[in-house]
Amino acid sequence: MKSATLTTNHLPKQKQLKWGFWFLIIAILFGWAFAGVPFHGFQNSAAEISKSIMYGIFHPDWAYVYDGSGEDLVGLTLQTLAMAFLGTFISALLSVPFAFWAARKGSQRIHLRSTSGKVVLTLIRTFPEIVLAIMFIKAVGPGSFAGVLAVSVHSIGMLGKLFSESIENMDGGPGEALTSAGGNHAQTLTFATLPTVIPEFLSYTLYRFEIAVRSASILGMVGAGGIGTPLLFAIQTRSWSRVGIILLGIIVTVTLIDFVSGSIRKRLV
Amino acid sequence: MNEVPKRSFVQRIHLKLIIWLGLFIGLVYWTASLTGVNLVMFFENFDQFTALLDKMARPDWSYTQLVINPILQTVQMALIGTTIGTLIAIPFSVLAARNIVKNPFIRTIIRFILNLVRTLPDLMLAALFVAIVGIGPIAGVFTLAVFSFGMISKLFYEAIETIDEGPLEALQATGANRSQVVIFAVIPQVFNYFISYFLYTFEINVRASTVLGYLGAGGIGVYLQRSLNEFAYDKTAIIILAILVVVLIIDTISNTMRERLL
Amino acid sequence: MVAENFIEFKDVGKVYPNGTVGLSHINLTIPKGQFLVVVGLSGSGKSTLMRTLNRMHDISSGDIMIDGQSIINYKGKQLRNLRRKIGMIFQNFNLVKRSSVQRNVLSGRVGYYSTWRSALGLFSQADKQKTVEALRRVGLGEKLYTRADQLSGGQQQRVAVARAFMQDPKIVLADEPVASLDPLTTDSVMNDLKKLNDDFGITVIVNLHSLELARKYADRIVGLRGGELVYDKTIDQVTDTDLDNIYQSEGPEPESEAIVMHSATEGVI
């Protein structure tokens, strides 16, 4: 009886304390965050520019869509897609050895080979893509080739990680069956491991391609080709109907690619 | 007796596979020419790339002091941006969930808007918001708010759609109205998922926010752009290291919290 | 060749790295062409015992002889040649789900091919015909080009039997081959194994937990408990009480008694 009253009194208090503690932490965090981002009101022209942008989006510069120069919306969108496609393709090839490097076998939490591979993939993933693009521009000059290289290297970080996870989660049974039938390592790889993981690899690659289309469309802002260059130029020169048509172009392209790639992925796995 | 059953000619020579492979090789070739791939130049100029890496391999450690404040501002921007995005996302995700809003018309419109928002890359939003509100971290906050709004609404409405319908029915049976159902039957079921997705989006926003400053939207990106323009790659290296450290810390904290939540 | 002692376990012991005793002091001789069923609870060591024969597990002490030769120090090519003469059937079938039935069955043959010939799929016409024969034996001749994941569980296990048959095995090991199957397909798979034994004199070793099945198919029944051999009789000597002992001497099982009592009372009511 006594212990019962004790616990009923005790628990809510502890819970209250816990909630109070978290509330305090969150309040401090937000206080700190708002202190770091001072707000002095918007610039005077903010409303006017927003209006112009909306106007531009509803009155796009249709003449820019196609003028046969290759520097029009269609031409540069194709170039953007080409950057994303080629970059993702190269990246998928490069990611396979990284994935086998980083994949953990057995139950050890820390393993020299796989842990080092995981660290390298994290480094690649965190290295900003636009910095990579700028570095490649130094080597091969401005243009979409630099963009292709940036996409190829940056995507390894994510693809390598996803690939290595699908190797780790793979059903080991078929491999065991091959070994027990007298197969060597290479035969186990070609008959059991690869047929099991390749559809998943393809699906992840398509997924990464969807992301690459988005990033390729902004790489041009640092000079690495594609639709990003004229977009930034249009924003800086305040040609809002040009901005409008490019935005529409990107929205349509990304939506289409997501739809097509998504339906292929559904059929793959 | 034991002959191998015949396959048709098309199957035997793997016609489908060959066609797909041919198309694919053609596509690789076409995209390579479209993007001006030039392997000779790449390998000839590769020493410039390595020279750059070499400069970056000798970071200017004295610069560390200077990057602490901007990198913290990056985290602050991400926190505020994610929070604003989440607050806007909550009503939208409820309206987009199939099991809450039975009216397909509203749902389709909401989902259409969400899909549009999700197609916009982060740096493009940054460029637009810098033009609208001016250079500074506020532009970054707006960018991240819109960016996380698109991502979070989708995660949220998918979470809402997977909840157990039992409590909803039970509450409707007692005569509760729509918002009471949401408050008493939906939110308790999805609360932990919401927190987890918030943290996940926050992780992504911290990564994204580090480059927004490149276009003037505040945070460490401003310094990144400056160092790159000045060819001060020893400073760039410090900034990248700082980004790496902060991203790893945030990821670790967020991952531990998410593991505990779910 | 000494027909009587085709396989010999001599005082075999196995201790896992974590200290668990898998097998201790196993002495067992198996004549050529025997259909041996090993029974025991899960964790009794039956699976380990089976896998020491094709060296998927290594032993800690003792010796194993096959055909008068000690196999415990085999390495590389010698080990793979041993394994290709020993077919293995698994509880979970271990087929490559996304590959065709033909490719799965042919993969039993990889031990006879070099790495590059098998990787390029350059199997001889004779082996392709053998695939058809192997599939007809298990009643799946028309499924040659079907993808493995489109077959039912029982059919997949029969494909696995065909794969083992492709190896031209002298021994077939089957580790709980029917544990994931329904009673009807159970009989067809067990009959396939029995036919390998009858038609080709292949020595078959099967792990089972069903005593009923063991008595139906076995020439001889061996019982394991806690890694030790506790029972060994040919089928004509096996009695009902014997088999009860293998499981029940683990100590009284109050749970199963409770179930019996429960159903009894239900009957009364």
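The values are calculated or read from the model by the stated rules, or taken from the named source; none is laboratory data. Since the structure is predicted, the reported quantities are computational estimates derived from the model, not experimental observations. Neighbour counts run over all protein chains shown; Cβ positions are idealised from the backbone, glycine included.
Numbers for the structure displayed
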read-out: Residue among A:222, A:243, A:213, A:269 that alone is surrounded by fewer than 21 Cβ atoms within 10 Å (Cβ to Cβ) and of a type in the set (A, V, I, L, M); value: A:269
read-out: Residue within region A:117-128 that is away from every other protein chain (no Cβ under 14 Å), part of a helix (DSSP H, G or I), modelled with pLDDT under 95 and farther than 24 Å from residue B:48 by Cβ present; value: yes
read-out: Wholly enclosed helices (runs of 4 or more DSSP H) of region B:112-206 bearing at least 1 residues among the aromatic types (Phe, Trp, Tyr); value: B:122-133, B:137-161
read-out: Matching residues, region A:133-142, being over 15 Å from residue B:236 (Cβ atoms) and either free of Cβ contacts under 8 Å to residues at least 60 places away in the same chain or crowded, with 21+ Cβ neighbours inside 10 Å (or both); value: A:139, A:140, A:141
read-out: Some residue of region C:40-49 being modelled with pLDDT under 90 and assigned to a strand (DSSP E or B); value: no
read-out: Selection within region C:158-188 - under 19 Å from residue C:109 (Cβ atoms) and polar (S, T, N, Q); value: C:167
read-out: Yes/no for residue A:197 being at negative phi and either away from chain C (no Cβ under 14 Å) or touching a Pro at 6+ places or on another chain (Cβ under 8 Å) (or both); value: no
read-out: Evaluation of residue A:134 against (1) of a type in the set (A, V, I, L, M); (2) in a helix (DSSP H, G or I); (3) within 14 Å of chain C (Cβ to nearest Cβ) (one fails), failing number; value: (3)
read-out: Cβ pairs under 8 Å, 6+ apart, first in region A:204-220 and closer than 14 Å to residue A:145 by Cα, second among the charged types (D, E, K, R) and assigned to a helix (DSSP H, G or I); value: A:219/A:129
read-out: Hits in region B:121-140 (condition: within 7 Å of chain A (Cβ to nearest Cβ) and within 14 Å of the chain's Cα centre (by Cα)); value: B:121, B:123, B:124
read-out: Selected residue (only one of A:176, A:200 is of a type in the set (D, E, K, R) and either within 17 Å of residue A:71 (Cα to Cα) or within 23 Å of the chain's Cα centre (by Cα) (or both)); value: A:200
read-out: Residue C:87 vs. criteria touching a residue at least 60 places away in the same chain (Cβ under 8 Å), surrounded by 20 or more Cβ atoms within 10 Å (Cβ to Cβ), in contact with a Gly (Cβ under 8 Å, 6 or more places away or on another chain) and facing another protein chain (nearest Cβ under 8 Å); value: yes
read-out: Failed item in (1) more than 11 Å from chain A (Cβ to nearest Cβ); (2) closer than 22 Å to residue A:233 by Cβ; (3) surrounded by fewer than 20 Cβ atoms within 10 Å (Cβ to Cβ), with residue B:143 passing the rest; value: (3)
read-out: Residues of region C:49-74 classified as within 16 Å of the chain's Cα centre (by Cα) and more than 18 Å from residue C:178 (Cα to Cα), total; value: 7
read-out: Condition check for residue C:147: free of Cβ contacts under 8 Å to residues at least 24 places away in the same chain and within 14 Å of chain A (Cβ to nearest Cβ); value: no
read-out: Subset of region C:190-228 (residues that are part of a loop (DSSP other than H, G, I, E, B) and either among the basic types (Lys, Arg) or under 15 Å from the mean Cα position of the chain (by Cα) (or both)); value: C:202, C:209, C:210, C:218, C:219
read-out: Hey, residue C:140 away from chain A (no Cβ under 14 Å) and either surrounded by fewer than 24 Cβ atoms within 10 Å (Cβ to Cβ) or touching a Phe, Trp or Tyr at 6+ places or on another chain (Cβ under 6 Å) (or both) or not; value: yes
read-out: All positions within region A:163-186 that are within 21 Å of residue A:201 (Cβ to Cβ) and within 7 Å of another protein chain (Cβ to nearest Cβ); value: A:173, A:174, A:178, A:186
read-out: Residues satisfying the stated conditions in region B:29-48, i.e. surrounded by 12 or more Cβ atoms within 10 Å (Cβ to Cβ), assigned to a helix (DSSP H, G or I) and at the interface with another protein chain (Cβ under 9 Å from one of its Cβ atoms); value: B:30, B:31, B:32, B:34, B:41, B:42, B:46, B:48
read-out: So residue C:185, is it modelled with pLDDT of 85 or more, of a type in the set (Ser, Thr, Tyr) and closer than 20 Å to residue C:35 by Cα; value: yes
read-out: Breaking point among (1) free of Cβ contacts under 8 Å to residues at least 40 places away in the same chain; (2) surrounded by 15 or more Cβ atoms within 10 Å (Cβ to Cβ); (3) of a type in the set (Lys, Arg), for residue C:77; value: (2)
read-out: Some residue of region B:90-112 being within 15 Å of the chain's Cα centre (by Cα) and surrounded by 13 or more Cβ atoms within 10 Å (Cβ to Cβ); value: no
read-out: Residues (within 14 Å of chain A (Cβ to nearest Cβ), basic (Lys, Arg) and crowded, with 16+ Cβ neighbours inside 10 Å) located in region C:109-129; value: C:109
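Yes or no, residue by residue, for (1) surrounded by 14 or more Cβ atoms within 10 Å (Cβ to Cβ); (2) touching a helix residue (DSSP H, G or I) at 6+ places or on another chain (Cβ under 8 Å):
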| residue | (1), (2) |
| --- | --- |
| A:32 | no, yes |
| A:56 | yes, yes |
| A:72 | yes, yes |
| A:102 | yes, yes |
| A:119 | no, no |
